[in-house]
Amino acid sequence: TDVGNEKNILPVEKAECTFPMALNLGSEDRGISRLSRENSDFLVKIDINKELDSINVSVAAGIIFYEINKRLKNVK
């Protein structure tokens, strides 16, 4: 996950979830490191209200795990 507005960052609800998978969660203010960004298959972001600067990384993890779980339920 990352906080940037780059074109190659997908909204989390549009990202393809395939396994095996590893999640690299960035910090609230800086996102992920440059090396992590460069070595990732893809980046996702959580669209939030523009009045919020960022959300806590544990909240972001919960949102992402919810999206993954929702997709897994649809596969069965």
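The values are calculated or read from the model by the stated rules, or taken from the named source; none is laboratory data. What you see is a predicted model; the values in this text were computed from it and never measured. Note that each Cβ is placed from the backbone with ideal geometry, even for glycine, and that neighbours are counted across all protein chains shown. In case anyone asks, the SASA skips ligands and DNA or RNA and just uses the protein heavy atoms, side chains included. Shrake-Rupley method; radii C 1.70, N 1.55, O 1.52, S 1.80 Å.
Summary table
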read-out	value
Cα-based helix-to-principal-axis angle, 57-75 vs the chain, degrees rounded to 10	20
Whole-Hz ³J(HN,Hα) from phi, Karplus 6.51 cos²θ - 1.76 cosθ + 1.60, for region 34-42, glycine and proline x	4, 5, 5, 4, 5, 9, 8, 5, 7
Estimated inter-spin distance, Asn49 and Tyr66, nm [label 7 Å along Cα→Cβ]	1.5
Other-chain or far-sequence residues with amide H under 5 Å of Val44's (modelled H)	Asp2, Leu10
Residue-by-residue Karplus 3J(HN,Hα) for region 26-31, coefficients 6.51, -1.76, 1.60, Hz, glycine and proline x	x, 6, 4, 9, 10, x
Share of alpha-carbon pairs per 10 Å distance bin for the chain, given as whole %	17, 55, 25, 3
Accessible heavy-atom area order of Glu28, Glu51, Glu38, highest first, probe of 1.4 Å	Glu51, Glu38, Glu28
Segment Thr18-Asn74, length gained on full extension (0.36 nm per residue, minus Cα span)	18.8 nm
Contour minus Cα-Cα distance for Val59 and Asp29 (0.36 nm per residue)	9.4 nm
Close Lys-Lys pairs in the chain, where close means Cα under 18 Å and separation is 8 or more or interchain	6
